[in-house]
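What follows draws every value from the coordinates through simple rules; no lab data is involved. Remember, it's a predicted structure, so these values are computed and weren't measured experimentally. Here the Cβ positions follow ideal geometry from the backbone for every residue, glycine too, while neighbour counts run over all protein chains shown.
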């Protein structure tokens, strides 16, 4: 068992690295579904770790971040209650009518709504709800839905980076860094607001040829969107309780996951949903994926490899003068890696390294914010950078509107400039206000 | 009540059959679908009115949010239901591979159960490999009324 970490690479480290790389290659190759690959990787890591005596089943269970997993599960159940109420469709139709045929206003309104919702709910769910109604509105207005879909997803990804619960990596960062909801939004909110506003301007410029004023009436009846106004009020009441408790959970010494379950209990008691309707809507595949990744990275951590990697950076990270540079490097590295692969495996892997630096006397607080910005903004670079991107692409493909299909290359033509632009803005803000991130 | 009492004899569609011809056969016999047979007469799929409309005319976003549509809605960008061009297309791209079949000896309740499982309004009756006709809920209901003199 790992009791002390050697300063040189050991056989255990190399074995665990091989298992993790094998699992990640299997995940990204998509030969199997990514969750299946992660489960196989987790089982192999425990098996080999036990045989090589650097990892045990108990340690594997301890490696699972219960707060993250339970928070995601509870929020998925709350969303499962909110989704059928039709409240989001109602908002989308009202906003589209407020735009009065101005495509630029329509893009801003819809993106703002999606971004605000994504600050508290899962981006994927938000896009699953908003993409079809966006396409329908564009279809009626006889305009191309592609710019709207891309803007909604990209700005939702940025918006989600502002809060502790807006993006799964943020939950992991918050848990690892013991960062509460209020502290997270105070530190990330202003920077993300700036990045969001600048990115809207960039997107309006990039899609300027598509965004014309149209003289068409949006013949959609928003009053028909609400299926059950009572259920809508009850579900939103429970969500409001959750949001209020998020802002004070640290004062009450409550975990974010527990707060989410408090809200879930309210909606369960008020709505009394059918078990099938409730549990069938939880994305168990994502939960199993995250759990498996935690176990895989737990094995690598127990082998001492992540500590060893941290040792290689400790000199630059512990130098206060180089701290800013280290933070910026982490932000850009996290963004690029998130764009190329996926921000979840990257975040789960990098967190123990950052935590390891803390044990070496490094002030890691600025690194958490840099990491959160990087993984949040990096997802926009490519179509595979975030799961919500793939949802938008799928919806664009199935809508059958000429010119609406978002291809991987088409995504990157807009996504890469947007990612670099938003990273530059975030880097400037991070540099100018670095003392506030300390 | 036996299935042979309610079976509706219809023609079948083949590779290259036009959608207009398939529509006419469905309308003539008041059935929602027809067997799709290869050159040897073997059923290899089914032509479905519902699936053809779904694939050709109804965008996913419209069907999902149909309850929100106003009465003046029009969609120039959507394939038009009333466009006669679709009648001259061939059925082949719109064929569904899974086919629910039943034999003449099966009870009516089994036919109804299979229709329920496949979320379909019809099922094909096969005597061995030989296509006999279509069983529909409508035909079963009609015979039920007659059988009980209701």
When you take every Cα atom in the stretch B:3-147, what is the radius of gyration, and what is Dmax, the widest Cα pair distance, in Å?
16.7, 51
The simple spin-label model distance between residue A:102 and residue A:424, using points 7 Å out along Cα→Cβ, in nm, is 2.8 nm
At a threshold of 8 angstrom on Cα-Cα distance, excluding pairs fewer than six apart, so keeping six or more, what relative contact order does the stretch B:3-147 reach in percent?
31 percent
What's the average, rounded to a whole number, of partner chain beta-carbon atoms within 10 Å of each residue's beta-carbon in A:121-134?
1
When all C-alpha to C-alpha distances in the stretch A:222-273 are sorted into bins of 10 Å, what percent of pairs does each bin hold, rounded to whole numbers?
26, 43, 23, 7, 1
Tell me the label-point distance for the pair residue B:29, residue A:312, using the 7 Å Cα-to-Cβ offset, in nm and rounded to one decimal.
7.1 nm
Within a 10 angstrom radius of each residue's Cβ in A:212-220, how many Cβ atoms of other chains show up on average? Whole number is fine.
2
With runs of 4+ DSSP H residues as the only contributors, calculate the mean residue ellipticity of chain A at 222 nm using -39,500 (n - 2.57) per run, divided by the residue total and rounded to the nearest 500.
-24500 deg cm²/dmol
With the 8 Å Cα cutoff and a minimum separation of six or more residues, the stretch A:311-438 has a relative contact order in percent of 28 percent
Residue order, fewest to most beta carbons within 10 Å, for B:60, A:227:
A:227, B:60
Using only the alpha-carbon atoms, how far is helix A:408-432 inclined from the longest principal axis of chain A? Give it as 0 to 90 degrees, nearest 10.
70 degrees
Apply the a/c threshold of 1.5 to the C-alpha gyration tensor of the stretch A:193-236 and tell me whether it is rounded, prolate or oblate.
oblate
Two decimals is fine: what's Rg over Rh for the protein assembly as shown, C-alpha atoms, Kirkwood radius as Rh?
1.05
Check: C-alpha center the stretch A:268-340 vs C-alpha center the stretch B:9-61, spacing in Å is 51 Å
Which peptide among A:316-322, A:32-38 comes first, and what is the full order, when sorted by highest mean count of other Cβ atoms within 10 Å?
A:32-38, A:316-322
For residue A:262 and residue A:208, calculate 0.36 nm times their separation in residues minus their Cα-Cα distance, and state this gained length in nm to one decimal.
14.9 nm
For peptide B:56-68, compute the average count of partner chain beta-carbon atoms within 10 Å of each residue's beta-carbon.
6
With R₀ set to 30 angstrom, the calculated FRET efficiency between the beta-carbons of residue A:359 and residue A:30, to the nearest 0.05, is 0.25
Could you tell me which of rounded, prolate or oblate describes the stretch A:347-401, using a ≥ b ≥ c as the square roots of the eigenvalues of the alpha-carbon gyration tensor, with rounded for a/c under 1.5 and, failing that, prolate when a/b is larger than b/c and oblate otherwise?
prolate
Write down the percent of antiparallel bridges among all DSSP beta bridges whose residues are both part of chain B, to the nearest 5.
80 percent
Given the peptides A:366-379, B:84-97, A:393-406, A:120-133, arrange them by the average over their residues of other C-beta atoms within 10 Å, most packed first.
A:366-379, A:120-133, A:393-406, B:84-97
Rounded to the nearest 10 degrees, the helix A:181-206 long axis (Cα) sits at an angle to the longest Cα principal axis of chain A of 50 degrees
Return one number: the angle in degrees, 0 to 90 and rounded to the nearest 10, between the long axis of the Cα atoms of helix A:320-340 and the longest principal axis of the Cα atoms of chain A.
60 degrees
The stretch A:118-171 and the stretch A:71-88 have their Cα centres apart by a whole-number Å value of 16 Å
Taking Cα centroids, how far is the stretch A:408-426 from the stretch B:128-150 in Å?
61 Å
To one decimal place, what orientation-averaged projected area in nm² is obtained for the convex hull of the Cα set of the stretch A:283-426?
9.8 nm²
Counting pairs of alpha carbon atoms under 8 Å apart in space and at least six apart in sequence, what relative contact order in percent does chain A give?
24 percent
Which FRET efficiency, nearest 0.05, do residue A:269 and residue B:40 yield, Cβ-Cβ r, R0 60 Å?
0.45
Volume per residue, Å³, of the convex hull around the alpha-carbon atoms of the stretch B:7-69?
111 Å³
First measure r as the distance between the Cβ atoms of residue A:247 and residue A:227, then evaluate 1/(1 + (r/R0)^6) with R0 = 30 Å and state the FRET efficiency to the nearest 0.05.
0.50
Residues A:222, B:129, sorted so that the one with the fewest Cβ neighbours within 10 Å comes first:
B:129, A:222
Order by protection proxy (mean Cβ within 10 Å, highest first), peptides A:163-170, B:50-57, A:331-338, A:54-61:
A:163-170, A:331-338, A:54-61, B:50-57
Can you tell me what percent of all Cα-Cα pairs in the stretch A:1-125 are more than 23 Å apart?
58 percent
